[in-house]
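Before any comments, here is the structure.
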Amino acid sequence: MKPRVLVVDDERSIRDSVRMILEYEQYECLGAASGPEAIAAVRRDAPDVVLLDIKMSGMSGLDVLAELKRGDDTLPVAMMSGHGTIADAMQATRLGAYDFIEKPFTSERVLVTVAKGLELRRLRAENRELRLAMESKYELVGQSPGLRQVLETVQRAAPTSATVLLLGESGVGKELVARAIHRNSPRAAQRFIQVNCAAIPEELIESELFGHEKGSFTGATEKQL
């Protein structure tokens, strides 16, 4: 299946020139002349990469970018502009664009940008699959009344920002419950960090958890965050 690229620009000549470049290299190329058209095309055709003009009449490229990222944060979007500023580039980067192309651009620049976007999408998909595979190892499975009660408690605690203390004997599954809370929380996209406090000497626990400055105690040879 050919990689699918959506080109969004209110100038037909730009869309046509990029289409010629991409189709010559065996890409499938889609076009959109406005922000609303682009959003509809992404939802309908699921492109692999989007090339988005930053200056368009009506809905601006930055507004389109923000909307696309709300729908799918993993979609690679590169911005195009003939008169973009450093401020525009910085704003686009903050909103999630992975590259910024200045017009007029060469064929090589377009192809490198698209290839970079496809590689980024591949890596993101691979990372998502690995994360799901890892999470399946820690899934709580069962139908007992006790486990159902635990899962109901997890669902109540996960959406909050409250600190949760899990009690129980060794081996009952406290870590699995902690991972379930994290997986169902607003912080699910962030890393789950497991710390065995019992294995850290009392005099080093604060340093390990909160870091230290270089020279703050004997043996602190460098700053640790």
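Structure summary
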| read-out | value |
| --- | --- |
| Inter-part distance where the stretch 10-88 and the stretch 179-225 are each reduced to a Cα centre, Å | 42 |
| DSSP-loop trypsin sites (Lys or Arg not before Pro) across the stretch 133-225, with at most 14 other Cβ within 10 angstrom | Lys137, Arg187, Arg191, Lys214, Lys223 |
| The stretch 133-188 shape via C-alpha gyration tensor axes, a/c threshold 1.5 | rounded |
| Ratio of the Cα radius of gyration of the stretch 1-145 to 2.2 N^0.38 Å, where N counts its residues | 1.18 |
| Surface share of carbon and sulfur [accessible, 1.4 angstrom probe, percent] for the chain | 54 |
| In the stretch 158-225, chymotrypsin sites (Phe, Trp or Tyr not before Pro) in a DSSP loop with at most 11 other beta-carbon atoms within 10 Å | Phe217 |
| Asp99 long-range amide H proximity, modeled H, under 5 Å | Met79 |
| Probe 1.4 Å, protein heavy atoms only - accessible area per residue of the chain in square angstrom | 65 |
| Which listed pairs, of Lys69/Lys116; Lys174/Lys214; Lys116/Lys223; Lys116/Lys137; Lys55/Lys116, have C-alpha distances above 27 Å, in listed order | Lys174/Lys214; Lys116/Lys223; Lys116/Lys137 |
| Candidates per GluC sites (Glu not before Pro) in the stretch 163-225, loop by DSSP, up to 14 other Cβ within 10 Å | Glu169, Glu213, Glu222 |
| Cα-based shape type of the stretch 71-225, given that a ≥ b ≥ c are square roots of the gyration tensor eigenvalues and the cut on a/c is 1.5 | oblate |
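The values are calculated or read from the model by the stated rules, or taken from the named source; none is laboratory data. Note that the structure is a prediction, hence the values are computed from the model and not measured. Positions of Cβ are backbone-derived with ideal geometry, glycine not excepted, and every protein chain shown enters the neighbour counts. Only protein heavy atoms, including side chains, enter the accessible area calculation; ligands, DNA and RNA are left aside. Shrake-Rupley method; radii C 1.70, N 1.55, O 1.52, S 1.80 Å.
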